[in-house]
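Here's the structure, in structure tokens; my notes come after.
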Amino acid sequence: MLIDSYPPDLAEQGLGDALAGLADGLQRAGMDVKLEVSQAENLPPITSALIFRAAQEAVRNVAMHSGAQEVVITAGRRGRQATLVVEDDGRGFDQARLRERLSAGHFGLRSTSDLMTACGGMLRVRAVPGRGTRVKVEVP
């Protein structure tokens, strides 16, 4: 569990391999995972770290809450933005439930969103009950 939660050495390992490690954890849990990271290499170290941190939180939520069968993780570049999308076909959730969880002390996505915003980026979550969740991150 410690190995799964401790961040890798992104400078040596590379973001693609680090994200593959997260995908492996979902596969071990029985989910089908599609990983596309061909455009994610050679990002500045701080950008890679931010993308990895967001992916780690999104994947943790998929594993703990989604009940998903399929997950797609895509990381890359769009212009001068690094991007990450983690999308699952799980149970999704109601936005009101997210607010309840925040007030109950569950703040992983909120703190990750605050971190992305503080660094000039953004994190958006789109969830539909019974139809899955999509987490999208953009970081300059």
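The values are calculated or read from the model by the stated rules, or taken from the named source; none is laboratory data. These figures come from a predicted structure and were not determined experimentally. We place every Cβ from the backbone using ideal geometry, glycine too, and count neighbours over all the protein chains shown. Areas reflect the complete protein model, heavy atoms only, side chains present, ligands, DNA and RNA absent. Shrake-Rupley method; radii C 1.70, N 1.55, O 1.52, S 1.80 Å.
Things to note:
- 3J(HN,Hα) along segment 32-45, derived from phi through the Karplus expression 6.51 cos²θ - 1.76 cosθ + 1.60 where θ = phi - 60°, amounts to 7, 10, 10, 10, 10, 10, 4, 9, 9, 7, 6, 7, x, x Hz, with x in place of Gly and Pro.
- In this rough spin-label picture, where each label sits 7 Å from Cα along the Cβ direction, the residue 81-residue 117 distance is 1.7 nm.
- Percent carbon-and-sulfur accessible area, the chain, ignoring ligands, DNA and RNA, probe 1.4 Å: 51 percent
- The charge dipole of segment 1-84, taken about its Cα centre with unit charges on the Cβ of Lys, Arg, Asp and Glu (plus for the first two, minus for the last two), comes to roughly 340 debye.
- Debye, to nearest 20: dipole size of the chain, +1 on Lys, Arg Cβ, -1 on Asp, Glu Cβ: 620 debye
- Peptides ranked, highest mean first, by Cβ atoms within 10 Å: ranges 80-89, 24-33, 108-117: 80-89, 108-117, 24-33
- Contact order normalised by residue count of the chain, Cα under 8 Å, 6+ apart, percent: 23 percent
- Its DSSP H runs of at least 4 residues, each contributing -39,500 (n - 2.57), put the calculated 222 nm mean residue ellipticity of the chain at -12500 deg cm²/dmol, to the nearest 500.
- Based on protein heavy atoms only, the chain ends up with 58 Å² per residue of surface accessible to a 1.4 Å probe.
- Near residue 82, the amide H atoms lying under 5 Å from its own belong to 139; only residues 5 or more places off or on other chains count, and H is placed 1.01 Å from N.
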